[in-house]
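Undergrad: Structure incoming, see below.
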Amino acid sequence: MRIDLNDRTRENKINRLEIETKLKEKFSPTHIDLVDKSHTHTPDKHIETMKDKERLYDLTIIAEVFKPMSLVERHMAIYKELDIKNNPGIHGIKIKASSPDEIDKLKGWLP
């Protein structure tokens, strides 16, 4: 049975693994790093209760398909794939998207 990742309710939120899977299937990246940064926007006393809340992510993704795209087009493609506006599991996502041949220009991007 295939899960429809675009059919989400407040009780059925997309998680980090599902986000990475969607991005890998769509963009075939040579590098992907998705970090949950929710704790940086929530007081310590509330972190334990965040398990069922929307999350904030930092995404670094490098893929050949980004080569002909502008920065805005890359972000739009990622937002469209993750259906950000309709996805209750993602509060926000900071995106660094690049093609492999841009890496030399962007030293310091990769963790």
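Undergrad: Got a sec? Which of 23, 56, 82 is under 10 Å from the mean Cα position of the chain (by Cα) and modelled with pLDDT of 95 or more?
TA: None of the others qualify; the one that does is 23.
Undergrad: Six or more apart or on different chains, Cβ atoms under 9 Å: show the pairs whose first residue is in region 85-111 and at pLDDT 80 or above and in a helix (DSSP H, G or I) and whose second is surrounded by 13 or more Cβ atoms within 10 Å (Cβ to Cβ) and hydrophobic (A, V, I, L, M, F, W, C).
TA: That search, which allows pairs on different chains as well, returns 100/62; 100/63; 100/66; 102/62; 102/66.
Undergrad: Further question on the same structure: Are there any pairs, at least 6 apart or on different chains, whose C-beta atoms fall under 9 Å, with the first in region 6-32 and part of a helix (DSSP H, G or I) and the second at pLDDT below 75 and exposed (fewer than 13 other Cβ atoms within 10 Å of the Cβ), and if so, which?
TA: Matching pairs, first to second residue: 18/3.
Undergrad: Ok, one more. Of these, 9, 30, 40, which one is in contact with a strand residue (DSSP E or B) (Cβ under 8 Å, 6 or more places away or on another chain), polar (S, T, N, Q) and modelled with pLDDT under 90? Steps first, please.
TA: Values: 9 fails: in contact with a strand residue (DSSP E or B) (Cβ under 8 Å, 6 or more places away or on another chain); 30 fails: modelled with pLDDT under 90.
The unique qualifying residue is 40.
The values are calculated or read from the model by the stated rules, or taken from the named source; none is laboratory data. Quick caveat, the model's predicted, so the values are computed rather than measured. A quick note on method: Cβ atoms are made from the backbone with ideal geometry, for glycine too, and the neighbour counts reach across all protein chains shown.
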